[in-house]
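Below is one structure, written out as structure tokens, with a few remarks after it.
Laboratory data are not the source of any read-out in this text; all were calculated from the coordinates shown. The shown structure was predicted, so the numbers you read here are calculated from the model rather than taken from an experiment. Cβ placement follows ideal geometry from the backbone for every residue including glycine, while neighbour counts extend to all protein chains displayed.
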Amino acid sequence: MPALQSSLFGSDTGPSVTRLGAGLTRTRLDAGSWVDHQLGWVVGSDAVFDEVSRSAPWRAERRQMYDRVVDVPRLVCWYDAEAELPHPVLGQARLRLSAFYRDVLPEGFATAGLCLYRDGRDSVAWHGDTIGRGRTDDTVVAILSLGAPRALVLRPRGGGTSARFMLGHGDLLVMGGACQREWEHAVPKSATSCGPRISVQFRAPGVR
């Protein structure tokens, strides 16, 4: 994959994780669900994108849809808690997130699921991370976005007003409370041309 054109926020000293909480904005979706959003949490994130896009063990998946098997419109890879992540900054990010959200996620973040959206045709459908703890209890899912900005949209299960966030170039979005049970999220296809993006999803043990 070609290297992503660097953003204006690149770092001359290499990629780094900034202080979590500086510039963090919390949005209350309802009484029990919330989203935290911090722009540019990872400085020099395009260098992280370049390395991860080259070195991660990307794979294509296929799934049954009605009477046929179709390609999943993105590439994916998965890192268990014991696995070495494909860039040191991702390990630093996981540690800092675990410390910051310890009060609401005592077990901390363990796994990392990565999705590569190659262009605007790649997407992920509406879903919640409800395997494991997310099905019955509150959990926290953190998403670090690398590469070109894409929209992440949330909507209440059963319908209602949606919320939309543009994520790219080291932005962080954290979904907490009952968000995985009471809300769904998606990355819709883009009608306009856009570059590649990697979504890094940090989750608690057993949550998918």
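What number in nm² do you get for segment 20-203 if you take the convex hull of its Cα atoms and divide its surface by four?
Taking the Cα atoms of segment 20-203, their convex hull projects to 10.9 nm² on average.
What is the calculated FRET efficiency for residue 186 to residue 13, with r their C-beta to C-beta distance and R₀ = 25 Å, to the nearest 0.05?
0.10
Show me, for segment 122-133, the HN-Hα J-couplings you get by feeding each phi into the Karplus relation (A = 6.51, B = -1.76, C = 1.60, θ = phi - 60°), rounded to Hz, glycine and proline as x.
Result, rounded to whole Hz: 7, 6, 9, 6, 4, 6, x, 7, 10, 7, x, 4.
Run the numbers for residue 27 and residue 157: contour at 0.36 nm per residue of separation, minus the present Cα-Cα distance, in nm.
That pair, residue 27 and residue 157, stretches by 45.1 nm at full extension.
Going by amide H atoms built from the backbone, whose H comes under 5 Å of the H on residue 41, apart from near neighbours?
171, 172
So if each residue of separation counts as 0.36 nm, and I subtract the Cα-Cα distance between residue 59 and residue 166, what length gain in nm does that give?
36.0 nm
Excluding residue 107 itself, calculate the net charge of residues whose Cβ lies under 13 Å from the Cβ of residue 107, where each Lys or Arg counts +1 and each Asp or Glu counts -1.
+1
Out of 89, 70, 104, any idea which swings most in a Gaussian network model of the chain, alpha carbons joined below 10 Å?
Per the Cα network of the chain with a 10 Å cutoff, 70 tops the list.
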